[in-house]
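Just below is one structure, and these are the notes that go with it.
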Amino acid sequence: MVSGYRKPYSRRMFLVLMLSIVFTLLLSSSVFAENSYSKEKPFGVGIIVGSPTGISFRYVLNETNGIDVGLAWSVRKNEYLQINGSYIWSNNAYLQKNYDLPISFHYGAGAKMVLGDITQLGIRGIIGVFHVFSRPLVDLLFELEPGITLIPATSFDIDAILGARIFFSI
């Protein structure tokens, strides 16, 4: 490899492209929200940035429950792909009622699979906060995700992410 040579498609360029797509969707009048977060526009897709970075999907089941699925990759030295799924419970009123904060608290549990040099399977928890904007219907979130790898060996890790998803009907 020639010294100083950069790959034509770096992770940074990919992240800039993903952010551009999300902001274009946010500004598009065709995705502006008209109705309820959980009833009329239950499907969300967006990006998560942190450890790991990737794409986040949420399907809202009702006012307090949802299913999250993520497809993410490492931005660290050890490259890997992570696939995860979780069941989410939201407490939409607690922080707003008790502390007058315009954010909601959520938590959940699920599983993850990490594909890299070694395939790993494990369980994970989620604890986080989010805020939902109504026009367009977007949520911004911050999550801590402690996990326990069970296969091939037991170990503990914790991921931290920031993200945004736009919601629409399917």
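Quick notes on this structure:
- Normalised per residue, the volume of the convex hull around the Cα set of segment 118-170 (Å³): 103
- Residue-normalised accessible area of segment 45-170, given per residue in Å² at a 1.4 Å probe: 53
- Exposure of Phe43 as accessible area (Å², to 10), given a probe of 1.4 Å and all protein chains: 50
- Accessible surface, 1.4 Å probe, highest first, among residues Glu63, Glu40, Glu79: Glu63, Glu79, Glu40
- Probe 1.4 Å - accessible area at Leu81, Å² to nearest ten: 60
- Computed 3J(HN,Hα) for segment 149-159, one whole-Hz value per residue from the Karplus formula 6.51 cos²θ - 1.76 cosθ + 1.60 where θ = phi - 60°, is 7, 9, 10, x, 8, 7, 8, 10, 8, 9, 10, glycine and proline marked x.
- For segment 125-134, Karplus couplings with θ = phi - 60° (6.51, -1.76, 1.60), whole Hz, Gly/Pro x: x, 9, 9, x, 10, 8, 10, 10, 9, 8
- Model label zone, Lys77; criterion: amide N under 18 Å from point 7 Å along Cα-to-beta-carbon; scope segment 108-143: 116-118
- Spacing of the modelled spin labels on Thr64 and Tyr87, each 7 Å from Cα toward Cβ, amounts to 1.4 nm.
- 25 °C / 0.890 mPa s Stokes-Einstein diffusion coefficient of segment 46-170, Kirkwood radius on C-alpha pairs, µm²/s: 163
- Residues whose placed amide H lies under 5 Å from that of Gly122, excluding near-sequence neighbours: Lys112, Leu150
The values are calculated or read from the model by the stated rules, or taken from the named source; none is laboratory data. Just so we're clear, the structure is a prediction, and the values are computed from it rather than from any experiment. Every residue, glycine among them, receives a Cβ derived from its backbone with ideal geometry; neighbour counts consider all protein chains shown. For accessibility, only protein heavy atoms count, side chains too; no ligands or nucleic acids. Shrake-Rupley method; radii C 1.70, N 1.55, O 1.52, S 1.80 Å.
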